[in-house]
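*Asks:* Okay, handing you the structure first.
Any read-out appearing in this document is the output of simple, stated calculations on the displayed coordinates, not a laboratory observation. These figures come from a predicted structure and were not determined experimentally. Positions of Cβ are backbone-derived with ideal geometry, glycine not excepted, and every protein chain shown enters the neighbour counts.
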Amino acid sequence: MDAEELLAKYAEGERNFQSGNLRGIDLKGADLSGIDLTSADLTGADLSETNLAKANLSGTQIYKATVISANLSWVNAYSADLKWTDFSSSDFRGANLSSARLYSANLEKSNLTNANLSSANLVRAFLSQADLSIANLSNANLTGADLAGADLSRANLEGAALQQAYLQKAKLRLAYLNKVDLSGLNLADVDLGVAYLGAANLNYACLRGANLERAFLEDANLIRANLDGANLRKADLTGANIYGASLNDTDLSGAIMPDGERNKPADSPKTSGKVTSMTRQIIRSEQAPAPVGPYSQAIAATGTMIFLAGQIPLDPRINEIVHTGDVAKQTEQVMANIEAVLAAAGASFKNVVKTTVFLADMNDFAAMNSVYARYFEAGNAPARSTVQVSRLPKDALVEIECVAVI
């Protein structure tokens, strides 16, 4: 079938082109949203700038094709053969690429936000400056992949293979890397703030200058890792093996060390140079119930007050609620939104004196609290109230508002 015949049938309302032989077809710039190309052969096709939103590409072969700047949002490309294809600058938001074969595919600067790439073959794929935030990369094979400057914030990388991957200057903030093998990788200057690296293998990894603030590194293998100049403030290193690790100029202020003891903050911490008049005092009374979580009975504070509007789990990149049905992941998004607003005001979580948590279901309290606790020390946390409400905006599961003082 040639392009003219396919476009004519599509214009007449036909959407089923399953198993079609479309090798070398030129469909550049065509609007083919919702088309069903299941098991079709598009080897060598030109689909650049084509609109394939919500298309069914399950089992489709798009081998050595040109698909530059195409719209592939919310496509179903389960187990598709996409090897050696140029997808640079394409939109894959919400796409299902589970078990897809993307060996040596070019995905530079592509938008893969919230895409499902579980068990995908991305060996030697080019993903530099790609947006993979909130993507599911569990059990994906990223061996030798180029991820330089890629945004993997809040991505799920559990079970992913990352040997020989290039990750310099990548963003892995709040990423889930439980038990992932990162041994020997160059992670210099990588942002791993608040990332989950429980039992991860970082043997001989280079983390020079990396940001690991509030990262969870319990039982991680850091044998002979290079952590020179890294930021490990308030990181959890309980049970981690740091034998032979290089820690020159490493900031471990407030970190929980391998023996479970919290490291004393540096006497002269670095500041941004901004002079503030903020004072903060934890109020404790034995005549009232003691805190049973990451909050204080009360905070006495003076300075400039910042009142933050309630944040729900909207991803600012797509302006949509994310992680429907998962209150823990929604809480992570809420806290990321709060952190961004605080930063814009010249503040951080340490300046927060009061929070109010709104839950659609109080049964979600434990899951919410487990995430919330990663951002505040139990002995120095802000005052907090938690209430259940009948409904939250956009049917979110959690909303948090706070007051900060600088």
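*Asks:* Among DSSP beta bridges whose residues both lie in the chain, state the antiparallel percentage, nearest 5. Don't skip to the end; give the middle numbers.
*Replies:* Working: 20 of 70 bridges.
That works out to approximately 30 percent antiparallel.
*Asks:* Give, as a single signed number, the net charge of other residues whose beta carbon lies under 13 Å from the beta carbon of N106, with Lys and Arg counted +1 and Asp and Glu -1.
*Replies:* Values: positive: K64, K83, K109, R124; negative: D86, E108, D146.
Its environment carries a net charge of +1.
*Asks:* Sort the following peptides by mean Cβ neighbour count (other Cβ atoms within 10 Å, averaged over residues), highest first: 45-52, 343-350.
*Replies:* 45-52, 343-350
*Asks:* Also: Using the eigenvalues of the Cα gyration tensor, what equivalent ellipsoid semi-axes result for the stretch 1-105 when each is taken as the square root of five times the eigenvalue, whole Å, largest first? Display every interim value, and only then the final one.
*Replies:* Working: eigenvalues 69, 38, 35 Å².
Rounded to whole Å, the semi-axes are 19, 14, 13.
*Asks:* Can you give the direction-averaged projected area of the convex hull of the alpha-carbon atoms in the stretch 45-137, in nm²?
*Replies:* 4.3
*Asks:* A further question follows. Once you put a point 7 Å from the Cα of I282 and another 7 Å from the Cα of K394, both along the Cβ direction, what distance in nm separates them?
*Replies:* Output for this residue pair reads 3.5 nm.
*Asks:* Could you grab the relative contact order for the chain? Cα pairs under 8 Å, six or more apart, rounded to a whole percent. Don't skip to the end; give the middle numbers.
*Replies:* Working: 1256 pairs, mean separation 26.2, N = 406.
Once divided by the residue count of the chain, the mean separation gives 6 percent.
*Asks:* Moving to a separate point now. Report, largest value first, the span of the C-alpha coordinates of the stretch 353-406 along each principal axis, in whole Å.
*Replies:* Result for the stretch 353-406: principal-axis Cα extents of 32, 22, 15 Å.
*Asks:* Moving on. Can you tell me the relative contact order of the stretch 200-253? Whole percent, Cα pairs under 8 Å, sequence separation 6 or more. Walk me through the numbers on the way to the answer.
*Replies:* Values: 148 pairs, mean separation 19.8, N = 54.
Contact order relative to length: 37 percent.
*Asks:* Okay, next question. At 0.692 mPa s and 37 °C, plugging the Kirkwood radius over alpha-carbon pairs of the stretch 335-378 into Stokes-Einstein gives what diffusion coefficient in µm²/s?
*Replies:* My calculation gives 282 µm²/s for D.
*Asks:* For the chain, modelled as a Gaussian network with Cα springs under 10 Å, which listed residue fluctuates most, E14, E261, E286?
*Replies:* In this elastic network of the chain, the residue with the biggest mean-square fluctuation among E14, E261, E286 is E286.
*Asks:* If all Cα-Cα distances of the stretch 88-173 are sorted into 10 Å bins from 0 onward, what percent lands in each bin, rounded to whole numbers?
*Replies:* 23, 64, 12
*Asks:* Rounded to two decimals, what ratio of Rg to Rh does the stretch 285-406 give with C-alpha atoms and a Kirkwood Rh?
*Replies:* For the stretch 285-406, the value is 0.96.
*Asks:* Then there is this: Could you please report the charge total around F349, scoring K, R as +1 and D, E as -1 over all other residues with beta-carbon less than 12 angstrom from its beta-carbon?
*Replies:* On the way: positive: R214, R233, K234, K350, R374; negative: E213, E339, E377.
Within the 12 Å Cβ shell, the charges total +2.
*Asks:* Distance between Cα centroids, the stretch 98-135 to the stretch 227-263: provide it in whole Å.
*Replies:* Each part's Cα centre sits 32 Å from the other's.
*Asks:* Can you compute the helix-only [θ] at 222 nm over the chain? Use -39500 (n - 2.57) per DSSP H run of at least 4 residues, normalise by all residues, nearest 500 deg cm²/dmol. The partial results should precede the final answer.
*Replies:* Values: 3 runs with 35 residues, N = 406.
Result for the chain: -2500 deg cm²/dmol, rounded to the nearest 500.
*Asks:* Using the Kirkwood radius over C-alpha pairs as Rh, can you work out the diffusion coefficient of the chain via Stokes-Einstein at 4 °C, viscosity 1.567 mPa s, in µm² per second?
*Replies:* Values: Rh = 23.0 Å.
Answer from the Stokes-Einstein relation: 56 µm²/s.
*Asks:* From the C-alpha gyration tensor of the stretch 152-250, pull out the three semi-axes of the equivalent ellipsoid (sqrt of 5λ each), sorted largest to smallest, in whole Å.
*Replies:* So the equivalent ellipsoid measures 17, 14, 14 Å along its semi-axes.
*Asks:* Report relative contact order for the stretch 63-149 in percent, whole number only (criteria: Cα-Cα under 8 Å, sequence separation at least 6).
*Replies:* In percent, rounded to a whole number, it is 23.
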